[in-house]
Amino acid sequence: MGLLTAIGFASVYIARSEPSELNAGSLTYAGIFMALYLAAHLVVRYAVPYADPVLLPLAALLSAIGVTLIYRLNPDDAFRQSLWIVIGVCLFALTLLALRRDFRVLEQYKYLFGITAIVLLMLPALPGIGQTINGARLWVKVGSFQFQPGELAKIFLIVFLAGYLRDKREVLAQGRLKDFGPLLLIWGAAMLVLVQTNDLGSALLLFGIFLAMLYVATGRAAYAAAGLALFVAGAAFVYRFVSHVQERVTIWLTPWTDNPVYCAQTGELALRQDCGSFQLVKSLYSIGNGGFSGTGLGKGTFTTTSGDPIIPYLNTDFIYSAIAQELGLVGAAGLLLVFMLFVARGFRIALLADDGFSKLLAAGLTFGFALQTFIIVGGVLRVIPLTGITLPFVSYGGSSVVANFVLLALLLLVSNRANVQSGGVRR
């Protein structure tokens, strides 16, 4: 990981200047990352010695790729992202140390986690602190500090659902009509999030996590199918009345137009590819420009001749298109394989877990990670409507980085206990 980081930063330096001007910046970043993850590894060996040995290196690789690409786009953002990674690793270590004896104590506070998740989801709706960025109200700003509470709400919701569904799984599995109450309640909450934030992706992520955990708890595929039908129906209803959702779907279906259409940003007529779908269209061109092997790290084209960004919010929502341009199909596919390996190891942990709470917790965390990756990559590739969800460990953003390191710590805690219970050996 440290070697890859050094090579990546060196490639960016060389692409930006003459080889003779290459300085020690790449080695500095690589050294910092090596020291940081070495410390994290030592904490893992102490707190969860029997945990899955692959997950932490995969997270380190993803975060190193992210910082390298962010540095290539904006060195100042890369420095801030590195600070958030340090904070995330510290919180990762604290979570492991605090819960190393028995993380299942979290189940006793499941309702507190559920209430906290709801409060966090509602924070962006509060006047004065809620912030609307790129049409979606997902952010909270207090002074100079800005964060996305939905990232931590996702973790808290999974802990709540793991505890609640473990208690109610036998009742829910009977399939009585009154037992659909929790399903309808969570569906209503997902629709409320959709209306409040104007973001279909956040609602899909939260409701998708619930359906997956409900299926794992009950084994009833009919519940998942009914829930999906409810979500589609609810999203269609909201689509009729929420203009931002209508715009996102329209951009997804027809990003290009031959004739000028109404542009909400300017109030005038313009081609859609020059207005509402500008980001998506430029992102698709960026991906196409990468071809099979890419332009080379540091050699992509992301700014105009005047220095303006071609793709707004490139280091957050569209960082995958930057990777696809500079590393090509090979690099973009390789990145997805890393995500797939992370998900495969997470589901393996869920299968090995011997108690209901641990199994549901690992399955929920892993599915949430996988679904979030699919939503953002699928949006960038125009498989589904585009949303503002971040690419885990890779996109720029402190809230996402911190939340994903907490997710990683919880998975390692479950893995450690599962391996101990199954007679696993220290690895």
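The values are calculated or read from the model by the stated rules, or taken from the named source; none is laboratory data. Predicted, not measured: the structure shown is a model, and the values here were computed from it. With ideal geometry, Cβ positions are generated from the backbone for all residues, glycine too; neighbour counts draw on all protein chains shown. Surface areas here come from the heavy atoms of the whole protein model, side chains and all, with no ligands, DNA or RNA. Shrake-Rupley method; radii C 1.70, N 1.55, O 1.52, S 1.80 Å.
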How far, in nm, would the chain grow between D308 and L94 when pulled straight, counting 0.36 nm per residue and subtracting the alpha carbon separation?
72.9 nm
Rg (Å, one decimal) plus Dmax (Å, integer) for the alpha carbons of segment 55-170?
17.3, 53
For K110, the lysines lying under 23 Å Cα to Cα, once residues fewer than eight places off in the same chain are dropped, come out as K154, K168, K178, K359
When all C-alpha to C-alpha distances in segment 358-424 are sorted into bins of 5 Å, what percent of pairs does each bin hold, rounded to whole numbers?
3, 17, 21, 20, 16, 11, 7, 4, 2, 0
Given an 8 Å cut-off on Cα distances and at least 6 residues of separation, report the relative contact order of segment 293-427 as a percent.
24 percent
Alpha carbon centre of segment 99-118 versus segment 329-401: separation in Å?
22 Å
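For the full complex of protein chains and a 1.4 angstrom probe, list T295, T387 by accessible area with the highest value first. Don't jump to the answer; show the numbers that get you there.
Values: T295 50, T387 10 Å².
Putting T295, T387 in descending order of accessible area: T295, T387.
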Theoretical FRET efficiency, 1/(1+(r/R0)^6), r = Cβ-Cβ of F237 and V261, R0 25 Å, to 0.05:
0.55
For segment 208-255: accessible area per residue (Å², 1.4 Å)
48 Å²
Give me the accessible area of D355, 1.4 Å probe, in Å² rounded to the nearest 10.
30 Å²
Tell me the accessible surface of Y285 in square angstrom (1.4 angstrom probe, heavy atoms of protein chains only), to the nearest ten.
130 Å²
Using a 1.4 Å probe, how large is the accessible area of I310, given in Å² and rounded to the nearest 10?
40 Å²
So what is the accessible area of segment 279-427 per residue, in Å², with the probe set to 1.4 Å?
35 Å²
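Which value, to two decimals, describes the C-alpha radius of gyration of segment 50-101 once divided by 2.2 N^0.38 Å?
Details: Rg = 13.3 Å, N = 52, 2.2 N^0.38 = 9.9 Å.
Normalised by 2.2 N^0.38 Å, the Cα Rg of segment 50-101 equals 1.35.
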